[in-house]
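To start, the structure itself, in structure tokens.
The values are calculated or read from the model by the stated rules, or taken from the named source; none is laboratory data. As the structure is a computational prediction, the values presented were derived from the model and not from experiment. Using ideal geometry, Cβ is built from the backbone for each residue, glycine included, and neighbour counts are taken over all protein chains shown.
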Amino acid sequence: MTRMFKDDFLNYIRYEKRYSEHTLISYLTDLDQFQAFLHLHYPDILLKDVVLQHIRSWVVFLMEEGHTARSVHRKLSTLRSFYKYLFKKQQISVNPTIGIKGPKLPKRNPSFVPESAMNKLLDQLVFPEGFLGIRDKMILETLYFTGLRRSELILLKENDLDFSLHVMRVLGKRNKERMVPLVPVLESSMKSYLLAKKEAGFLSPHVFEANKGGKMNPRFVYATVHHYLSAVTTSDQKGPHVLRHSFATHLLNNGADLNAIKEILGHAGLAATQVYTHNSIDKLKKAHGKAHPRSKDVK
């Protein structure tokens, strides 16, 4: 019965909510870990019989095992979605996640790559010869010039590119479509890339393909971006999402409108975009401290 509950839930978020494969794997992992915890500490409790106290105990257990507050919050998000689904399907009469609070989250600004490092990456770094090197650079350029999520990049198809209107159609979270501008430099690179792709015999409808053809998987994209970013930055964060953060931060630093950035990123609300203003404020503080004639005066 428990297996059926999980399978039904995963099918729901896969086919109805249209979550990415990466998210599906994370949700399944979280549910399996929670179930393992129950078997160890509450062997007679089934997933459908869980109450608030069981979840609170799991939170304490995770913190004692060394999980970060952010990791615990993400796992709680999985449980909330799972039990909300069971409640909606009338498999449980009370949602046990109501009232649960995760550990306090430390304040953290989004990590980003400085503009100078991005210029070095795209203008000076030598990429491998042949089509695969062209593709790798195109992945980096697309992520940085558009702010796409990793899953959006993977799903991007050639017929999503409209060169006549200079935009790309992007299918984002919750199956929402948005239009992202194709700036001239990116559009020119994309046209050259697509020609090289065809000449190399890669004929998938997806814009980007794995080394042996076919749709790329999330791990491959992460490893590719991490490899090249390692050549220009010592930051601990070197995944695809850092390029999304860099895109937004650099636009703000150069005067772009916050609402416009929100629309390009596909954020549901402005609050999610406003986190990038902290990076811009930090830059302004440093500039003020260096340039103002009285900034170093101590009274």
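Summed over the range 132-160, the residues that are buried (at least 16 other Cβ atoms within 10 Å of the Cβ) and in a strand (DSSP E or B) give a count of 0.
The set of residues in the range 1-54 that are closer than 30 Å to ARG150 by Cβ and either among the polar types (S, T, N, Q) or not in a helix (DSSP H, G or I) (or both) comprises ASN11, LYS17, ARG18, TYR19, SER20, THR23, SER26, THR29, GLN33, GLN35.
Every listed requirement among (1) closer than 24 Å to THR273 by Cα; (2) assigned to a helix (DSSP H, G or I); (3) in contact with a Phe, Trp or Tyr (Cβ under 9 Å, 6 or more places away or on another chain) is met by GLN237 save one, (2). Summed over the range 39-53, the residues that are surrounded by 14 or more Cβ atoms within 10 Å (Cβ to Cβ) and more than 18 Å from TYR85 (Cβ to Cβ) give a count of 2. Filtered by the rule that a residue be touching a Phe, Trp or Tyr at 6+ places or on another chain (Cβ under 7 Å) and touching a residue at least 24 places away in the same chain (Cβ under 8 Å), the range 203-234 gives GLU209, MET216. Counting the residues of the range 10-26 that are among the aromatic types (Phe, Trp, Tyr), surrounded by 14 or more Cβ atoms within 10 Å (Cβ to Cβ) and more than 14 Å from PRO218 (Cβ to Cβ) gives 1. Scanning the range 242-267 for residues that are over 19 Å from GLU115 (Cα atoms) and small (Gly, Ala, Ser) returns ALA260, GLY266. Filtered by the rule that a residue be among the hydroxyl-bearing types (Ser, Thr, Tyr) and under 22 Å from LEU10 (Cβ atoms), the range 38-88 gives SER71, SER77, THR78, SER81, TYR83, TYR85.
The condition of being over 23 Å from the mean Cα position of the chain (by Cα), of a type in the set (A, V, I, L, M, F, W, C), in the same structural domain as GLN124 (by TED's automatic domain parsing) and part of a loop (DSSP other than H, G, I, E, B) holds for LEU165. Among the candidates LYS191, LYS197, the residue that is surrounded by 14 or more Cβ atoms within 10 Å (Cβ to Cβ), of a type in the set (Lys, Arg) and assigned to a helix (DSSP H, G or I) is uniquely LYS197.
I need the full set of residues from the range 161-170 which are without any contact (Cβ under 8 Å) to a residue 24 or more places away in the chain and either surrounded by fewer than 12 Cβ atoms within 10 Å (Cβ to Cβ) or in contact with a helix residue (DSSP H, G or I) (Cβ under 7 Å, 6 or more places away or on another chain) (or both), in order please. Passing the criteria: SER164, LEU165, HIS166, MET168, ARG169. A residue that is touching a residue at least 60 places away in the same chain (Cβ under 8 Å), over 30 Å from GLN35 (Cβ atoms), out of contact with any Ser or Thr (no Cβ under 8 Å at 6 or more places or on another chain) and surrounded by fewer than 16 Cβ atoms within 10 Å (Cβ to Cβ) can be found somewhere in the range 96-109.
The set of residues from the range 68-94 being among the polar types (S, T, N, Q), over 17 Å from LEU24 (Cα atoms) and surrounded by fewer than 16 Cβ atoms within 10 Å (Cβ to Cβ) comprises THR68, GLN90, SER93. Would you mind stating whether GLY102 is among the small types (Gly, Ala, Ser) and modelled with pLDDT under 95? In short, yes.
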